[in-house]
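One structure below.
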Amino acid sequence: MENTSSFQFENFLIKKSLFELGENSKVSDLSIGFRPSGKLDLENQLFHLELAVFISDSSEAFKVEIESVGFFKFENIEKDNLSSFLYHNAPAILFPYIRAYISSLTTLSGIKPIVLPTLNLSNLKDDLEQSIVETSLK
């Protein structure tokens, strides 16, 4: 018997990637922000987590903006039990891919690589919960 999870990560996509390095920019004292949203298809048991990440220095002469989508599928999970998967697990699964992408992007740009720390994204729950739209994804 095959042992599979009820909530599975299938793939991810970088929809937008912006890198700006202005004159006199200091790639230090960086701030990071997030904008989560999602599309939930209960009939086909699919979830698309859209996660935008914004990094900038205090003068905004240095900016990185990434818009990504994580593709998830689930089975045998009641709607009432989906919340921990959608609001906690999905961002935690997707974020390491974004971290690696940002490290590669900055390394290949000729600057000191930006290696984001491992972050607990559970504080995104309220924003994500408010922005999830139920729709058909097939």
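The values are calculated or read from the model by the stated rules, or taken from the named source; none is laboratory data. Note that the coordinates shown come from a computational prediction; the quantities given were computed from them, not determined experimentally. Glycine gets a Cβ as well: all are built from the backbone with ideal geometry, and neighbour counts include every protein chain shown. Quick note on the areas: whole protein, heavy atoms, side chains included, nothing else; ligands and nucleic acids left out. Shrake-Rupley method; radii C 1.70, N 1.55, O 1.52, S 1.80 Å.
Tell me whether the range 9-18 contains one or more residues that are closer than 19 Å to residue 134 by Cα, free of Cβ contacts under 8 Å to residues at least 60 places away in the same chain and surrounded by 12 or more Cβ atoms within 10 Å (Cβ to Cβ). No, the range 9-18 contains no residue that is closer than 19 Å to residue 134 by Cα, free of Cβ contacts under 8 Å to residues at least 60 places away in the same chain and surrounded by 12 or more Cβ atoms within 10 Å (Cβ to Cβ).
Residue-level check: of (1) surrounded by fewer than 11 Cβ atoms within 10 Å (Cβ to Cβ); (2) assigned to a strand (DSSP E or B); (3) not basic (Lys, Arg), residue 71 misses just (1). Please determine, by comparing only the residues of the range 51-63 that are surrounded by fewer than 18 Cβ atoms within 10 Å (Cβ to Cβ) and within 13 Å of the chain's Cα centre (by Cα), which one is nearest to residue 132 (Cα to Cα). Here the residue is 52. Considered as a group, the residues in the range 101-123 that are touching a Leu at 6+ places or on another chain (Cβ under 8 Å) and not polar (S, T, N, Q) include one that is nearest to residue 87 (Cα to Cα), and that residue is 102. Looking at 28, 104, just one residue is free of Cβ contacts under 8 Å to residues at least 24 places away in the same chain and open to solvent by 50 Å² or more (accessible area, probe 1.4 Å), and that residue is 104. Applying the set (1) without any contact (Cβ under 8 Å) to a residue 60 or more places away in the chain; (2) within 18 Å of the chain's Cα centre (by Cα); (3) outside any strand (DSSP E or B) to residue 80 leaves exactly one unmet item: (2).
Go through the residues of the range 93-101 one by one and say whether even a single one is in contact (Cβ under 8 Å) with a residue 40 or more places away in the chain, among the aromatic types (Phe, Trp, Tyr) and not in a helix (DSSP H, G or I).
Going through the range 93-101, the residues in contact (Cβ under 8 Å) with a residue 40 or more places away in the chain turn out to be 93-95, 97-98, 101.
Adding the requirement that they be among the aromatic types (Phe, Trp, Tyr) leaves 95, 97, 101.
Those left that are additionally not in a helix (DSSP H, G or I): none.
There is no residue in the range 93-101 that is in contact (Cβ under 8 Å) with a residue 40 or more places away in the chain, among the aromatic types (Phe, Trp, Tyr) and not in a helix (DSSP H, G or I).
Working only within the range 1-56, note down all residues that are among the charged types (D, E, K, R), in a strand (DSSP E or B) and within 17 Å of residue 109 (Cβ to Cβ). The answer is 16, 20. Look through the range 111-135, keep the residues that are open to solvent by less than 80 Å² (accessible area, probe 1.4 Å) and part of a loop (DSSP other than H, G, I, E, B), and return whichever of them is farthest from residue 29 (Cα to Cα). Ranking the qualifying residues of the range 111-135, first place goes to 135.
Of all residues in the range 72-84, those satisfying the criterion of being at pLDDT 90 or above and under 8 Å from residue 6 (Cβ atoms) are 74, 75.
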